[in-house]
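Here the structure comes first, spelled out in structure tokens, and everything after it is commentary.
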Amino acid sequence: MNKRGLLLGCTLVVSSFTPLAHAIDGITLEAGRSSESTDTYRLSAQFDFGTTLWQTQSRNVRLGGYWDAGVVRWSGLDTTSVGVSPVLRLEFGQGGAMTPFLELGVGAAYFTRSSINNGDPDLGSRFHFEDRLGAGLRFGGGSELGVRIFHYSNAGLKEPNQGIENATLYYRLPI
């Protein structure tokens with residue numbers, strides 16, 4: 001491919017994501033530890049559902065959600081994963097100085113390698129389901145601090161299916 005074609009292709013790709021960039025509600029930075037005793041680093045963007053799915057009459061408990069798209073660097077395992085997941089969030093309180101919440105989600109992830117750390121674990125495939133549980137606090141200005149546990153597995157679609165976990169501490173900056 002010549003340089004003009006490459007430049008035109010890159011320009012089209014970047015311009016197609018411009019409306020998406022305006023829809024981002026937050027950016028999250030995470031640091032964690034995997035079940036393989038290696039450090040992990042995650043950068044993700046969130047897109048709020050934009051609606052309340054359920055709430056109590058007193059509005060003290062609210063169920064909402066968001067889409068999360070992120071990339072994880074598994075240092076020491078020489079692999080990277082990208083994933084997207086819808087996440088449901090249960091918030092407690094009416095949004096005072098601090099609002100505690102619980103969240104869960106099931107999405108999809110793609111790893112750059114299926115056999116990591118010299119085959120231990122052997123994830124069996126590059127495609128995985130990403131399960132997550134989390135808890136945290138949202139502060140008055142919209143920033144958040146919390147913890148999450150992720151589990152990645154191919155759900156037995158391909159053998160072996162050893163899976164891998166990741167526990168993280170995160171900070172979310174609202175946009």
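The values are calculated or read from the model by the stated rules, or taken from the named source; none is laboratory data. What you are looking at is a predicted structure, and each value in this text was computed from that prediction instead of being measured. When we count neighbours, we look across all protein chains shown, and the Cβ atoms used for this are built from the backbone with ideal geometry, even at glycine.
Tabulated values for the structure
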read-out	value
Matching residues in the stretch 125-164 - criterion: being surrounded by 16 or more Cβ atoms within 10 Å (Cβ to Cβ) and among the acidic types (D, E)	E130, D131, E144
Residue that is nearest to G32 (Cα to Cα), among those in the stretch 47-92 that are basic (K, R) and part of a strand (DSSP E or B)	R73
Residues of the stretch 42-69 satisfying the condition of being among the hydroxyl-bearing types (S, T, Y) and surrounded by 15 or more Cβ atoms within 10 Å (Cβ to Cβ)	S44, Y66
Hits in the stretch 71-114 (condition: closer than 30 Å to R59 by Cα and hydrophobic (A, V, I, L, M, F, W, C))	V84, V87, L88, L90, F92, A97, M98, F101, L102, L104, V106
Criterion: at pLDDT below 95 and more than 22 Å from A69 (Cβ to Cβ) - qualifying residue of L12, L7, L20	L7
Within the stretch 46-87, considering residues that are hydrophobic (A, V, I, L, M, F, W, C) and over 12 Å from the mean Cα position of the chain (by Cα), the one modelled with the lowest pLDDT	L77
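Let's see how each residue does on (1) out of contact with any Asp or Glu (no Cβ under 7 Å at 6 or more places or on another chain); (2) of a type in the set (K, R):
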| site | (1), (2) |
| --- | --- |
| E36 | yes, no |
| R42 | no, yes |
| S58 | yes, no |
| G76 | no, no |
